[in-house]
Amino acid sequence: MTAMERIALSTPDLRGREAEYLAQCVRDNWVSSAGPFVVAMEERMAVLTARRHAIATVNGTAALHLAVMAAGVASGDLVIVPDWTFAATAAAVVHAGAQPYFVDVTRDTWTLDPELVDAAIRKAPHKVGAVIAVHVSGLPADMDGLALVCSRHGIPLIEDAAGAIGSRYRDRPAGSFGQISCFSFNGNKTVTAGGGGMLLTDDDQIAGFVRSRSTTARKGAEYEHEAVGWNYRMTNVNAAIGIAQLERLDEMVAAKQHIAARYDAALVNRPDIRPMPRPSWAEHNCWLYNAQVADEVGAGSLVALLGSQQIEARRFWRSLSSQEPYATAPRMLKGVSRDLSGSVVTLPCSSHLTNSDQDRVIATLHAWRDKAIAA
Ligand SMILES: Cc1ncc(COP(=O)(O)O)c(C=O)c1O
């Protein structure tokens with residue numbers, strides 16, 4: 001009997017010109033944080049998001065850290081973040097000397113609730129310095145609703161578009177909203193650079209600040225510094241991979257959307273699994289395919305059954321406010337993040353996943369239901 005082949009969750013799809021561009025880095029001796037691919041990647045991202053400025057960073061967390069500082073958040077300020085997000089959103093706030101203020105997401109969209117953000121700002125125990133909207137696994141948050149609340153209170157809006165490359169909110173691309181937006185090019189993203197991030201803005205002053213602080217705040221080529229800076233610049237080696245990936249963005253997003261449509265069809269009329277929401281405002285890049293089951297225990301049993309079939313799946317985010325580092329952080333919750341916490345499962349969705357491998361995943365999803373009915 002031949003061994004069953006393992007199906008991974010979401011792995012890089014390096015079938016473009018990655019090797020060619022990497023060889024070019026070595027041949028031309030541009031391997032560090034200066035080089036033509038870094039600039040090319042910035043230019044491409046600025047065009048993609050219709051932004052005036054794009055600044056490449058070592059990862060998405062660094063881009064978010066710079067964003068919080070550049071938005072003018074002062075030490076001790078509160079920054080509103082969804083309670084259901086990746087840890088980096090809140091960590092970036094803490095790294096900038098501010099405090100995360102956790103607000104719930106809506107049950108229908110899984111993204112930050114604008115009405116609750118409004119209430120949270122009104123009842124805030126301290127000054128709110130910024131709001132960070134997160135596009136959950138690529139699904140755009142309600143940017144009109146959030147922009148309205150932020151402008152009403154005069155608070156900057158930051159867009160954490162880490163996984164949302166290629167997504168659209170109404171007629172605009174993800175990354176084009178708020179004062180600042182950030183992307184990640186981590187290995188599990190639709191477009192990877194191995195590791196990397198990008199900060200985008202239309203504001204010249206913010207762009208100048210971020211360029212300076214991300215490159216040790218050096219004044220020129222010599223060792224004079226205008227402030228305490230960070231070494232946050234993306235390398236040319238990473239950008240070589242990133243630019244090759246960006247060349248295939250449309251193809252990879254289309255592949256992810258095809259995979260998502262097949263899962264949606266397979267899960268239709270299943271009361272035991274709820275596919276990720278599809279709000280009317282969103283064109284979703286379907287970076288990760290998520291589905292919710294009854295609770296954390298059910299999610300664990302689904303992941304275990306898939307695992308026994310050599311299929312990698314994973315319980316998704318946990319509510320951050322309920323975790324140790326944030327035990328005393330202020331919050332405004334309605335119980336949605338608590339319900340989502342651990343009950344959402346990510347299914348295999350690499351852009352190179354084949355139909356026949358996906359059929360194996362779907363067959364196991366059906367077997368999980370049949371087992372539950374029989375029990
Ligand atoms: C919502 C969100 N924000 C931030 C990040 C951080 O990006 P990076 O891993 O590149 O630091 C991620 C990464 O997955 C993310 O999903």
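For residue 217 and residue 323, compute 0.36 nm times the residue count separating them, minus their Cα-Cα distance, and round to one decimal in nm.
Here the segment from residue 217 to residue 323 would lengthen by 34.7 nm.
Once Lys and Arg get +1 and Asp and Glu get -1 on their Cβ, which of 194, 181, 305 lies farthest toward the positive end of the dipole of the chain?
Toward the positive end, the furthest listed residue is 305.
Given R₀ = 30 Å, FRET efficiency for residue 127-residue 224 by Cβ-Cβ distance, to 0.05?
Calculated value: 0.35.
With each label point set 7 Å from Cα along the Cα-Cβ vector, what nm distance links residue 270 and residue 375?
Between residue 270 and residue 375, the label points sit 1.5 nm apart.
Could you give the size of the charge dipole of the range 249-374 about its Cα centre, using +1 on the Cβ of each K and R and -1 on the Cβ of each D and E, expressed in debye and rounded to the nearest 20?
340
Using a Gaussian network model of the chain with C-alpha springs under 10 Å, which one of 210, 31, 136 is most mobile by mean-square fluctuation?
31
List the aspartates and glutamates whose Cα lies under 14 Å from the Cα of residue 371, skipping any in the same chain that are fewer than 8 positions away.
272
For a distance above 34 Å, tell me the whole-number percent of Cα pairs in the chain that qualify.
The calculated P(r) of the chain puts 28 percent of pairs beyond 34 Å.
Distance in nm between label sites at residue 14 and residue 202, each 7 Å beyond Cα in the beta-carbon direction?
Once both label points are built, they end up 3.8 nm from each other.
Less than 17 Å apart at the alpha-carbon level, and either on another chain or at least 8 residues along: which aspartates and glutamates does that give for residue 256?
Qualifying aspartates and glutamates at Cα under 17 Å: 13, 247, 264, 283, 312, 357, 359.
Are there trypsin sites (Lys or Arg not before Pro) in the range 25-87 that DSSP puts in a loop and that have at most 13 other Cβ atoms within 10 Å, and which ones? Before the final figure, lay out the partial values.
Values: sites: 27, 44, 51, 52; in loops: 51, 52.
The qualifying sites are 52.
Hey, got the dipole for the range 1-94? About the Cα centre, +1 on K and R Cβ, -1 on D and E Cβ, debye to the nearest 20?
So the dipole magnitude of the range 1-94 works out to roughly 160 debye.
Can you compute the modelled spin-label distance between residue 297 and residue 153, with each label point 7 Å from Cα toward Cβ, in nm?
For residue 297 paired with residue 153, the spin-label model returns 3.8 nm.
Pick from 76, 342, 178: which residue has the top mean-square fluctuation in a GNM of the chain where Cα pairs under 10 Å get a spring?
76
For the range 18-64, take N as its residue count and report Rg(C-alpha) divided by 2.2 N^0.38 Å.
Dividing the Cα radius of gyration by 2.2 N^0.38 Å gives 1.28.
Putting +1 on Lys and Arg Cβ atoms and -1 on Asp and Glu Cβ atoms, find which of 76, 48, 246 reaches farthest to the positive end of the dipole of the range 18-246.
76
Averaging the inverse of every distinct alpha carbon separation and then flipping it gives the Kirkwood radius. What is it for the range 23-100, in angstrom units?
14.5
I need 349, 182, 25 ordered by Cβ neighbour count within 10 Å, fewest first.
By the 10 Å Cβ count, ascending, the order reads 25, 349, 182.
Lys/Arg Cβ at +1, Asp/Glu Cβ at -1, dipole of the chain taken about the Cα centre: which of 154, 228, 265 is farthest positive-ward?
Going by the Cα projections, it comes out as 265.
Top mean-square fluctuation among 115, 226, 159, Gaussian network model of the chain, C-alpha springs under 10 Å?
Checking each option, the largest mean-square fluctuation is seen for 226.
Near the amide H of residue 179, under 5 Å away, which other amide H atoms are found, from residues 5 or more places off or on another chain, if H is placed in the peptide plane?
157
Only the coordinates and a few stated rules stand behind these numbers; no lab work does. Values in this document were obtained by computation on a predicted structure and should not be read as measured data. All Cβ positions, even for glycine, are placed from backbone atoms using ideal geometry, and neighbour counts span all protein chains on display.
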